[in-house]
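Here's the structure, in structure tokens; my notes come after.
Coordinate-derived values only; no laboratory data. Just so we're clear, the structure is a prediction, and the values are computed from it rather than from any experiment. Backbone-built Cβ (ideal geometry, glycine too); neighbour counts: all protein chains shown.
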């Protein structure tokens, strides 16, 4: 049976969702010898990078399902997963959903104290860790768990004793993942069987498989909603998949591209920033025809470096030819949104940038709202993004107040500030918590300012805009992290000032070169701006700057 036939059968199955893709593939006749998944770390005797067939993947999942079942885990039991590798994370997800349990996937980079506090709020029945994370949690109050398992043990169950797969309802919770925690304690987001599969059902299963999706390298965090979706997408499209366990090492990602030869690479904006620092022209990236971004939209300088690499099939007068240069699909999403709500495709010849995230997907109803009145703002005016979509997470685990706090007029408020142009394209300017009101109708939008500074200063690979009030006035410092070999003593103040809007430029106090070590990032690699602001303010006060 062909992959297209399988996709058609899956698309016609009303019971298919994010929690049962693996058993449904076998129900609809998928070849056990076809593609399952590969991981960058050894698992259950399989070497790192060794592809598990679909049949081998099912056996490994059944072994874990049998182990958990024998230890009393069943439907509706929340089980926290706090491990290092993508294999243990995703095999745990598949096994626990096989039982109807609710895997609560935790990012491997969470610190021990944050993880312990998160676990207490989660109220999980059980927890699975590895030696690294067990040590990280040592001595902490984990909230009275009934079972604390070692990931290595869970693969030792008897696959033949696994119970039949649980039958999910559309509203059943099939995972809890958490936000990046860039502004606060990570929020535990619930995903349902239907919501986390809605985009797959609505257009990916019914449309032809995209060019570049034949052989997928995922650099997404396995413990993120996007990681689950990447796994399910590859399985449904019958694509080869290699799932990496780290997103913050650009050199390692490039090495994986050269050795594994993917046609498409999935990632977050932080990964593209790391890749853009590499000498891509000196590496063999010709296999890549597609880069796919989700989460925060990517910066123009990073996109331009990536689309200059790779190659893609292009229609010419002489037929379809493979030409230099790749495509980059950008958008805007979040844990709560479940899937990017917008999309735009960049190539070497496109030019719609300026943090343009394109147009909404067909399943997304969007509105840019004045939160004071609840009304939509006109074209050209910045408003907060409101979203209605079947991909939206149902809410926050054990936090009804947060679930309802971000709703307005039937829309979920994402916390993103955007405007749309007369042609219907949408542009992201900032997160609402990061924007600074300058008075007189003027605002400093930090994300848009950083985009413009990166474009004006090609020797800068990352920057953070920090504003504060001194003597009743807003003052702004711009922190620059430089590419290797850039002159740290060069005066970039004129270029930075020109890149800012006049109102923002009037607040500019200093341009400061920082090291990569000075960038504070969260578990998904995003810069934690509020911590950057706090630390910079403290250092400025100690130095007597602005006093």
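Before moving on, here are some points about what is shown:
- Dimensions of the range 351-427 along the principal axes, based on C-alpha atoms and rounded to the nearest Å, stand at 44, 26, 19, largest first.
- Helix axis angle, 86-98 relative to the chain longest principal axis, alpha carbon, degrees: 50 degrees
- Proxy reagent accessibility, fewest Cβ within 10 Å first, across 224, 133, 169: 169, 133, 224
- Efficiency of FRET between residue 423 and residue 13 - r from beta-carbon atoms, R0 45 angstrom, step 0.05: 0.70
- Shape class of the range 234-364 from the Cα gyration tensor (axes a ≥ b ≥ c, square roots of the eigenvalues): rounded, since a/c falls below 1.5.
- Residue 27 paired with residue 501, simple spin-label distance in nm, labels 7 Å along Cα-to-beta-carbon: 5.2 nm
- A Förster radius of 35 Å combined with the Cβ-Cβ distance from residue 381 to residue 111 puts the calculated FRET efficiency at roughly 0.30.
- Label separation (residue 46 vs residue 284): 2.6 nm, computed from points 7 Å beyond Cα along the C-beta direction.
- Separation between Cα centres of the range 142-217 and the range 469-523, rounded to whole Å: 40 Å
- Treating r as the C-beta distance of residue 483 and residue 372 and R0 as 56 Å, the FRET efficiency rounds to 0.85.
- Crossing angle, helix 446-456 versus the chain [Cα axis fit, 0-90 degrees, rounded to tens]: 70 degrees
- The fewest-to-most ranking of 353, 404, 445 by surrounding Cβ atoms within 10 Å reads 404, 353, 445.
- Put simply, the chain fits an ellipsoid with semi-axes of 38, 27, 23 Å; these come from the alpha carbon gyration tensor as the roots of five times its eigenvalues, largest first.
- Antiparallel DSSP beta bridges within the chain, percent to nearest 5: 60 percent
- Counting neighbouring Cβ atoms within 10 Å and putting the fewest first, the residues 484, 44, 284 line up as 484, 284, 44.
- Kirkwood hydrodynamic radius of the range 3-193, Cα pairs, Å: 17.1 Å
- For the chain, the 222 nm mean residue ellipticity estimated from helices alone, with every DSSP H stretch of n ≥ 4 adding -39500 (n - 2.57) and the total spread over all residues, rounds to -8000 deg cm²/dmol.
- With each label modelled as a point 7 angstrom along the Cα→C-beta vector, the residue 535-residue 134 pair spans 3.2 nm.
- In a fully extended conformation the segment linking residue 518 and residue 491 would gain 7.7 nm over its present Cα-Cα distance, using 0.36 nm per residue.
- Global form of the range 168-277, assessed from the alpha-carbon gyration tensor, a/c cut-off 1.5: oblate
- Cα-based equivalent ellipsoid of the range 434-542: semi-axis lengths in Å, sorted from largest, via gyration tensor: 21, 17, 13
- For the range 29-141, the mean projected area of the C-alpha convex hull, equal to one quarter of the hull surface, is 7.5 nm².
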